[in-house]
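Just so it is clear, none of the values below were taken in a lab; they were calculated from the coordinates. Everything numeric here is computed off the predicted structure, so don't read it as measured data. As a convention, Cβ positions derive from the backbone with ideal geometry for all residues, glycine included, and neighbour counts pool all protein chains shown.
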Amino acid sequence: MKALVYEEHSKDDDFAKILKIKDILEPKPKSNEVVFKVNTAALNYNDIWGMRGKPIEVPMPHVSGTDAAGEVVAIGEDVTTLKIGDRIVSHGNISCRICGDCTDGREFDCRYRKVWGFQTGPLWGGYCEYAHLPEVNVAKIPNGVSYEQAAAASMVLVTSWHMLVGRAKIRPGQTILIMGGGSGMGTFGIQIAKLYGCDVITTASPNKLDECLKLGADYAVDHRKEDWHKDVFAITKELAKKKKTSPGIDVIFEHIGGSHWNKELTLLKYGATLVTTGATTGYDVNTDLRHIFFKGTNILGATQGTRKELEDGLFWMSKGKIKSVIDSTYTFENAAEAHTKMLKGNIFGKILMKPS
């Protein structure tokens, strides 16, 4: 079968130099696995990390791809909840399922956890014609949700849902700040917060602000401005007058890090929450601790989520309350171009790839 493979790291982000389409063996399911014909896969930033070999090296030869959707073509003898012909999407958080964290419903905290298509291999990811996963690592795609919508949702939907619903436990009427509203994460963050009846302020680059508002955000602020946080606080003061409460943010949805960190902390109300996953603009931040201990701030970390959280998000997608935002679609032959586009960052939503 055809797969997108690399056998060396790219130190200078010359992805075309290392990405090759090769023929590899078509997988056969283990007793607890399903094999599915990949219809659509979606890019994630861990694809870039893998090709760079930073912050960790990945198994070689390597097939990336954490988010993939397709049709089941074979099942192992112990598979009980899926059948040939079912439409499925990957849940890329592969955990041991037997440790205390897993059996306590926190598979995202499993110390044996691996991200499929990033830490797995050799040659085990979603950028191929046929992929295989354990039964527990796929979810059925509901009626009304396309392969493209499901693939674009896989990682960012479950992570966003886990951040806001599972970790921050958002409630109706709260004021939520979604950082980077034009990203795959941000587009779902906006929609989930609105689904829960929150007032949503988002930040984005200037060319994405209108799109964020169309997606459901109540306010959109240009985070490339030096004093963007002052604009956000001014909005919260107006909201506070209507709500008869104190100004500030109840929950910040953070995944970009970098120089915005301390500005975000200044915006939080007393006893408010910042939930963070990832750090696309830098992870080594300076923290003014006064904004944490004096205001009783909750700082929560989050990584991916449970299959149940993915299924919850897919349910609301099937009801038309949440949708994937798709920037563009490429074939494996144009994979280097797709990854370069993601790296440059001038996108709104997710980039997809298809085998052909």
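Side notes on the structure shown:
- Restriction of the GluC sites (Glu not before Pro) in the range 1-40 to DSSP coil positions whose beta-carbon has at most 13 other beta-carbons within 10 angstrom yields Glu7, Glu8.
- Amide H contacts under 5 Å for Thr40, placed H, 5+ residues apart: Ala69
- If R0 equals 41 Å, the separation of the Cβ atoms of Arg106 and Asn334 corresponds to a calculated FRET efficiency of about 0.60.
- Residue with peak Gaussian network fluctuation, the chain [Cα springs, cutoff 10 Å], from Met185, Met51, Met163: Met51
- Taking label points 7 Å from Cα along the Cα-to-Cβ direction, Asp210 and Asp78 give a separation of 5.5 nm.
- Our coupling estimate for the range 51-66, obtained by passing each phi through the Karplus curve with A = 6.51, B = -1.76, C = 1.60 and θ = phi - 60°, is 5, 7, x, 9, x, 9, 7, 10, x, 10, x, 10, 10, 7, x, 9 Hz, Gly and Pro reported as x.
- Distance between modelled label sites at Arg171 and Met60, nm, 7 Å Cα→Cβ extension: 5.3
- Of the trypsin sites (Lys or Arg not before Pro) in the range 256-291, not one is in a loop by DSSP (not H, G, I, E or B) with at most 16 other beta carbons within 10 Å.
- Rounded to the nearest whole Hz, the Karplus-based 3J(HN,Hα) values (6.51 cos²θ - 1.76 cosθ + 1.60, θ = phi - 60°) of the range 214-219 follow the sequence 4, 6, x, 4, 7, 9, with x at glycine and proline.
- Amide N of the range 39-76 lying under 18 Å from the label point, which is placed 7 angstrom from the Cα of His9 along Cα→Cβ: 45-65
- Counting 0.36 nm for each residue step from Lys17 to Arg290 and taking away their Cα separation leaves a gain of 93.5 nm.
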